Amino acid sequence: MALRKRFPILKEKVYLNSCSQGALSIDVREAYEKYMRDWDEKGSPWDYWVERMEAARHAFAGLVNADPNEVAVMTSVSAAVSALMSALDFTGERNRIVIGDFAFPTVGQIVHAQELRHAQVVHVPTAGNIIPVERFADAIDERTLLVAISHVSFRNGSKRDVEAIAELAHQKGAYILLDSYQALGTMPIDVKKLNVDFLVGGVLKYLLGSAGLAYLYVHKDHILDLTPTSIGWFSQANIFDMDIYANTPSPTARRFESGTPPVPNIYAALAGMKLVQSVGIQKIEARIRELTGALKEAAMQRGFNIVTPIDPNKHGAMIAIRSHKVDLLVKWLEQDNVIVSSRDDNLRISPHFYNNFDDIDRLVDCLTKHSELMV
Ligand SMILES: Cc1ncc(COP(=O)(O)O)c(C=O)c1O
């Protein structure tokens with residue numbers, strides 16, 4: 001079946017909001033229906049459901065070039081970051097967390113929560129629409145335990161030079177945590193090449209899997225050094241020991257997991273990720289570049305204020321354009337059957353492989369119609 005036909009919403013609407021949530025495919029709908037059928041027909045097929053969870057672990061490991069034993073299956077990025085933080089010791093000299101100001105708020109809030117555990121948080125401020133790498137160099141020192149950055153900003157789509165920042169962190173003996181939620185499914189991501197210690201992300205956006213499933217990657221060399229206290233019975237070496245007298249963490253990244261996994265979301269995530277892989281990450285990246293390129297060009301011609309870095313190597317799948325009444329603009333566009341979203345004073349436009357140049361043209365026509373809001 002033609003790709004666009006797999007996404008029924010595209011018949012009615014111009015859907016350019018994958019940075020918020022991927023469009024629903026018939027594959028993901030069918031996956032949820034299959035979950036219901038399995039539940040109905042088999043009752044409680046837990047062996048199969050645990051096997052599905054392992055398939056979800058393998059799917060993510062394949063996507064980011066990790067070993068499945070380095071991947072914890074989580075329910076949200078927040079849960080993943082919290083579990084990771086619970087394994088870090090902030091009571092010594094090395095108690096600082098350096099965080100880039102394009103971090104998603106949940107990461108900022110969780111690192112500040114660690115102040116109760118003696119962490120000190122150091123913010124690395126933005127300079128216009130980027131964070132220059134030198135600012136990280138200034139902030140990271142021998143007291144830094146962890147550097148936390150977002151790969152692609154949820155605010156303006158700008159992309160971090162992860163390898164350079166990872167190098168700075170490692171030179172000073174610090175760990176680096178990368179939040180790739182806004183990048184996963186839009187570009188090749190290789191944890192070994194990026195040289196990150198930890199990576200988090202979920203399936204809601206460009207991985208097309210809906211809410212409820214996320215991942216934590218932990219480099220194999222760190223797993224046994226880290227003992228999380230935010231855990232549950234699925235983190236144990238043998239889940240079915242049912243031991244109430246001891247905590248015996250799994251020797252793999254499973255030690256960061258919690259309770260009963262989100263089985264329906266696992267079905268959906270597998271379907272979404274399969275669809276993404278069947279198109280191919282390289283092809284998706286190239287397609288997104290074409291579409292964001294066309295959008296930037298049309299926006300510049302009309303004099304709109306693009307707040308995303310223009311260089312295609314410096315942004316992800318989202319292009320942000322300033323509007324002084326952005327919430328109103330989002331509503332008006334919705335009335336025109338164009339779905340986008342906003343953050344700060346920016347309209348966020350985020351194409352995926354299922355979009356085409358007509359979608360970009362229709363959006364730009366609508367923005368031109370409402371050009372009084374485009375300043
Ligand atoms: C970069 C980034 N990190 C994290 C999140 C949210 O994570 P969680 O799964 O905890 O809701 C988002 C969602 O918008 C995001 O864009």
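The values are calculated or read from the model by the stated rules, or taken from the named source; none is laboratory data. Here the structure is a predicted model, which means the values were calculated and not measured. Cβ: placed from backbone, ideal geometry, glycine included. Neighbour counts: every protein chain shown.
Give the residues of the stretch 188-221 that are part of a loop (DSSP other than H, G, I, E, B), hydrophobic (A, V, I, L, M, F, W, C) and within 14 Å of the ligand (Cβ to nearest atom), sorted by residue number. 189, 203, 204, 207, 211, 213 - these are the residues of the stretch 188-221 that are part of a loop (DSSP other than H, G, I, E, B), hydrophobic (A, V, I, L, M, F, W, C) and within 14 Å of the ligand (Cβ to nearest atom). Looking across 86, 44, 25, 78, one residue alone is of a type in the set (Ser, Thr, Tyr), within 13 Å of the ligand (Cβ to nearest atom) and at pLDDT 95 or above. It is 78. The selection criterion, being of a type in the set (Gly, Ala, Ser), over 16 Å from the mean Cα position of the chain (by Cα) and not assigned by TED's automatic domain parsing to the domain that holds residue 350, holds for residue 174.
Looking at residue 111, is it within 16 Å of the ligand (Cβ to nearest atom) and either surrounded by 14 or more Cβ atoms within 10 Å (Cβ to Cβ) or of a type outside the set (Asp, Glu) (or both)? For residue 111, the condition - within 16 Å of the ligand (Cβ to nearest atom) and either surrounded by 14 or more Cβ atoms within 10 Å (Cβ to Cβ) or of a type outside the set (Asp, Glu) (or both) - is met. Scanning the stretch 168-187 for residues that are within 16 Å of the ligand (Cβ to nearest atom), surrounded by fewer than 23 Cβ atoms within 10 Å (Cβ to Cβ) and closer than 16 Å to residue 96 by Cβ returns no hits.
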